[in-house]
1. Does Ile59 qualify as being of a type outside the set (Gly, Ala, Ser), out of contact with any His (no Cβ under 9 Å at 6 or more places or on another chain), part of a helix (DSSP H, G or I) and farther than 30 Å from Pro147 by Cα?
2. Looking at the structure I just gave you, is Glu57 at pLDDT 65 or above, open to solvent by 30 Å² or more (accessible area, probe 1.4 Å), charged (D, E, K, R) and farther than 28 Å from Val142 by Cβ?
3. I'm checking my understanding of the structure. Among residues of the stretch 95-112 that are at pLDDT below 85 and open to solvent by 70 Å² or more (accessible area, probe 1.4 Å), which one is nearest to Gln208 (Cα to Cα)?
4. Restricting to the stretch 104-160, name every residue that is touching a residue at least 60 places away in the same chain (Cβ under 8 Å), under 18 Å from Ile186 (Cβ atoms) and of a type in the set (Val, Ile, Thr).
5. Could you check the stretch 152-166 and list, in sequence order, the residues that are exposed (fewer than 15 other Cβ atoms within 10 Å of the Cβ) and not small (Gly, Ala, Ser)?
6. Whether any residue in the stretch 116-139 is open to solvent by less than 30 Å² (accessible area, probe 1.4 Å), more than 22 Å from Met216 (Cα to Cα), within 28 Å of the chain's Cα centre (by Cα) and of a type outside the set (Phe, Trp, Tyr) is what I want to check.
7. Please enumerate the residues belonging to the stretch 167-210 that are modelled with pLDDT of 75 or more, surrounded by fewer than 19 Cβ atoms within 10 Å (Cβ to Cβ) and among the small types (Gly, Ala, Ser).
Amino acid sequence: MMLLQTLSTDGNMMVDSLAIMEPGKGDIGLLDLMIKGGYMMIPLYALFVLAIFIFVEKIITLRKASKSPKYLMDQIKILVQGGQVEKAKILCQQEQTPVANMIAKGLERIGSPLKNIEVAIENVGKIEIYKLEKNLNLMATVSGAAPMIGFLGTVAGMIRAFIGVAQEEGMVSPKLLSTGIYEAMITTATGLVVGIIAYLGYNYLVTQVSKLVHNMEYTSIEFMDILQEK
């Protein structure tokens, strides 16, 4: 009889446990989590939007900057060696890319010493590189600031949670403490997500800029070789 009572009790406990663990009960949606993160979520949202904006803007800029056709230098070489410098300038103006702008400046300096032409091309290259790298430092700042803001939000939330516990009289409800803690941890998770996305985006953009800068350097050297052959 005792054995049957024990089995019955254990069975009821298992049923209760399964009922508690039943999926769908107590689930919290993503939107609810984002709202419950507190006011520190606002700067995190702003940083996330800023990172996405910078990434998309730089992707568009880099794609436009790398559109110079491979045969551009072949055409420039033919025109320059044929004495058709003006046509070569018009060709560069039609491209409107960093490489074309550098070559156009070099074409404007034809007749000057090669050293002066090289310096002029380098100066234009520096300006174009600055345009390509614009806002990349801001992207790096977002990748570092977002996790820190998230941690700050967590600390502030924990302080509020423990203040609420201290103000409770009598037995402290575990639900009160756990709710305050998980709401505080939301900012940390959000900050890390924003920081990781910004960090990955920053490194990808830096890689693409480096490739484009290498192409600009190679093209400028090729152009100087054309002038020396003239």
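1. Taking the combined requirement at face value, the residue does not satisfy it.
2. In short, no.
3. Among them, the one singled out is Gln96.
4. If the condition is that a residue be touching a residue at least 60 places away in the same chain (Cβ under 8 Å), under 18 Å from Ile186 (Cβ atoms) and of a type in the set (Val, Ile, Thr), then Ile149 is the only one that fits.
5. Val155, Ile159, Arg160, Phe162, Ile163, Val165
6. Within the stretch 116-139, the subset open to solvent by less than 30 Å² (accessible area, probe 1.4 Å) is 117, 120-121, 124-125, 128, 132, 136, 139.
From what is left, the residues that are more than 22 Å from Met216 (Cα to Cα) are 139.
Of the ones still in play, those that are also within 28 Å of the chain's Cα centre (by Cα) are 139.
In the following step, the residues that additionally are of a type outside the set (Phe, Trp, Tyr) were identified as 139.
Yes, the conditions are met somewhere in the stretch 116-139.
7. Of the stretch 167-210, the ones modelled with pLDDT of 75 or more are 181, 184-210.
Narrowing further to those that are surrounded by fewer than 19 Cβ atoms within 10 Å (Cβ to Cβ): 181, 185, 189, 192-193, 196-197, 199-200, 203-204, 206-210.
Scanning the stretch 167-210 gives Ala189, Ser210.
The values are calculated or read from the model by the stated rules, or taken from the named source; none is laboratory data. Note that the structure is a prediction, hence the values are computed from the model and not measured. Cβ atoms come from the backbone with ideal geometry, glycine included; neighbour counts cover every protein chain shown. Heavy atoms of the whole protein, side chains included, go into the accessibility calculation; ligands, DNA and RNA do not. Shrake-Rupley method; radii C 1.70, N 1.55, O 1.52, S 1.80 Å.
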